[in-house]
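Taking it in order: structure first as structure tokens, then the write-up.
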Amino acid sequence: DSQGLTEVLMGQFAEPLLCFRELVQNSVDAGASAINIETGYDIERELLRVNVLDDGAGMSKENVGVYLTLFDSTKDTEIDTIGCMGAGKVFAHALGLENQIVTTGDGESGHQLTFNSDLSGEIAEIEPYQGTDVELLLPLKRYKARAFNKKLFEVVQQWCKYVKTPIYVNGESINRPFDISGD
């Protein structure tokens, strides 16, 4: 029951847009040198597209299988990573997604994983790809898409502003220095 599963997992978050914090954490854990969050709107289909792109390690063919297993992770817990539960990929579905499309690769291989709103999906091999692009398609009226964009920026800035990796939301940097005054 995908809706029941999503509700249980999202009970951890007061704000569904915190799924973007999880996606940013995944990019940081993958060693990305920069993270770009970009949005676009399809007027005819009334769909907001949100992409979280990074140039990190991406996933190899072997990692893709683990990625598809809930509460399993390809992250090495011996290394200083933030997440390792493997649930972050599900959190975005609480936004009411039409689709989630993950394009990933380790530079030698490439895969595209498509998740439907019911969490069913498919995997396709693609040309070699480096990094990960998580694309979320949300059915929203235009005025709601504008409000979503504003809230997206606020949430990412609030929760990710001190991350060392440069983060951009629609081209605008959200990073802030973490300085403490005094001796």
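When the Cα centres of the range 20-40 and the range 86-150 are compared, how far apart do they sit, in Å?
The range 20-40 and the range 86-150 have Cα centres spaced 13 Å from each other.
May I ask for the net charge around Tyr168, where only other residues with Cβ less than 13 Å from the Cβ of Tyr168 are counted and Lys, Arg are +1 while Asp, Glu are -1?
That works out to -3.
Please sort 105-112, 48-55 by packing, taking for each peptide the average over its residues of neighbouring beta carbons within 10 angstrom, highest first.
48-55, 105-112
Please sort by residue number the trypsin sites (Lys or Arg not before Pro) in the range 103-183 whose DSSP state is loop and whose Cβ has at most 13 other Cβ atoms within 10 Å.
Of the trypsin sites (Lys or Arg not before Pro), the ones in loops of the range 103-183 whose Cβ has at most 13 other Cβ atoms within 10 Å are Lys141, Lys164.
Using +1 on the beta carbon of Lys and Arg, -1 on that of Asp and Glu, and nothing else charged, what's the dipole of the range 103-183 about the Cα centre, debye to 20?
The dipole magnitude comes to about 840 debye.
Calculate the spin-label point distance for Tyr162 paired with Ile180, positioning each point 7 Å from the Cα along the beta-carbon direction, and give it in nanometres.
0.9
Where a number appears in this text, it was derived from the coordinates with a stated rule and is not lab data. Keep in mind the model is a prediction, meaning the values are calculated, not measured. Glycine also receives a Cβ, built like all others from the backbone with ideal geometry; neighbour counts cover every protein chain displayed.
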